Every structure is written in C-alpha cells, then in structure tokens.
C-alpha cells in the first residue's frame, strides 16, 4: 500500500541512511519542481556562474520514541542578506574546505557551537539552486541529544528544533507566490506555529520528503498551491 507520508513510522538513523540512498535517483529524475526556487532558467540565460555552498540538515535524536527533530537557526536582524530568516547552518564553500561536507560542518560549528565530534554525517540530498546564484549541497547528519548550543551573536539570533515528522509530512508543504521586484515569484513554505520556514530552506525540506517517498514507495504529493499575494 502506498502512503502519502510517514505518519506513524519512527524515523531512525538507519532509516534516514536508507532514505539517502534514493537521493541520486531523485536528483537525476528530470523533475525540478523541488530542486530550485524557479530561477535556474534565468540564471542560465544570464550566463551567471553558480557559487558553491553547503548547509547541514542536522537530525537530532531526542531519545523520545524515535521522534527526532531538525535543527534551524534564525538569522540576526542586522545582517545584509536574509536578515531574520530561518535557515540551516551553512554558507559558501571556502578555499580551505576540502569538500562541501567540510563546509557544512565548519559553518555549523561556527554558527551553533555544536561539538563536531557529536555529529555523524549520513549522506547528502540533491543540490538546490537559488535565485541569488548559489548551488547548495544539503548534507544530512545525525546527533544524539543533549546538545549544547552556543549561537554566534554576529549571525544567529536563535537556535531551535522542529519535529522531523512534521517537516517531512507532505500535507504541511505549501507553494506560495508574491510580487517581488516587479514580478511574481514562487517559493515554498512550511509554517510551524509561530515559525515560518520558507524559500530555499523549505525547498530543501520538500526535496528531503521526496527522497524519503522515493525510498519508501510513498505517494509523492506536491505542496498545496496557495493563493498569490499581490501586495
């Protein structure tokens, strides 16, 4: 029987590792619905080179009935780019990084203060292209609670976690649109209580859900299409 989402099945480290075996198949499927924010064709037409970056999708095992959470940061309000937005820890690949995994781990330690020895890398999700010209590799990792967070005050206003079951449930995914710089732009969103996860962060989570669906044989439901905001 095909299921639309993992309602009652526990998410374990072993299961996550199994899911990530489907990443390549999803990445090469030719279906780019959830692989970018709709700007790839514009970037290609403009001849712009993409800037490599990486983020860490850190799944934290709370020890509570195999109900892990995913870690997020809220960016400080004074930043020039993406101020106040919710994101995964991560950033641009630097010359000293040996690969994108090193980038994701370095940025996570810098932004959150998590002990790198507590993080076990499991694999990667398909790359995500942003309209700002970044090619992001989402690295998926596992950590057992409790973790000690020490946010970098220059970049991170808050660190928090959201249940992975909620984030990977396709019924909670939305596709929204709004006018931005004179034209209508589409973006993904996953609201959670007072939190509004949107843009590339939401897009990568929806990609994560697609990877899980492919590995498990679940029905792959598209995000709910919301009415456009013309403001």
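Give the residue that is modelled with the highest pLDDT, with candidates limited to residues of region 191-215 that are outside any helix (DSSP H, G or I) and within 11 Å of the chain's Cα centre (by Cα). Among those that are outside any helix (DSSP H, G or I) and within 11 Å of the chain's Cα centre (by Cα), it is 197. Residues of region 170-188 include none that is out of contact with any helix residue (DSSP H, G or I) (no Cβ under 6 Å at 6 or more places or on another chain), buried (at least 17 other Cβ atoms within 10 Å of the Cβ), closer than 24 Å to residue 14 by Cα and in contact (Cβ under 8 Å) with a residue 24 or more places away in the chain. So for region 165-173 (the condition being in contact with a strand residue (DSSP E or B) (Cβ under 7 Å, 6 or more places away or on another chain), over 27 Å from residue 50 (Cβ atoms) and assigned to a strand (DSSP E or B)), does at least one residue qualify? Scanning region 165-173 turns up no residue that is in contact with a strand residue (DSSP E or B) (Cβ under 7 Å, 6 or more places away or on another chain), over 27 Å from residue 50 (Cβ atoms) and assigned to a strand (DSSP E or B).
This table checks each residue for (1) under 15 Å from the mean Cα position of the chain (by Cα); (2) buried (at least 19 other Cβ atoms within 10 Å of the Cβ); (3) modelled with pLDDT under 95.
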{"site": "77", "(1), (2), (3)": "no, no, yes"}
{"site": "94", "(1), (2), (3)": "no, no, no"}
{"site": "98", "(1), (2), (3)": "no, no, no"}
{"site": "135", "(1), (2), (3)": "yes, yes, yes"}
{"site": "160", "(1), (2), (3)": "yes, no, no"}
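Quick check on residue 103: is it outside any strand (DSSP E or B), in contact (Cβ under 8 Å) with a residue 24 or more places away in the chain and either out of contact with any strand residue (DSSP E or B) (no Cβ under 8 Å at 6 or more places or on another chain) or surrounded by 19 or more Cβ atoms within 10 Å (Cβ to Cβ) (or both)? For residue 103, the condition - outside any strand (DSSP E or B), in contact (Cβ under 8 Å) with a residue 24 or more places away in the chain and either out of contact with any strand residue (DSSP E or B) (no Cβ under 8 Å at 6 or more places or on another chain) or surrounded by 19 or more Cβ atoms within 10 Å (Cβ to Cβ) (or both) - is met.
The values are calculated or read from the model by the stated rules, or taken from the named source; none is laboratory data. Quantities reported herein were computed from a predicted structural model and do not represent experimental measurements. Cβ atoms come from the backbone with ideal geometry, glycine included; neighbour counts cover every protein chain shown.
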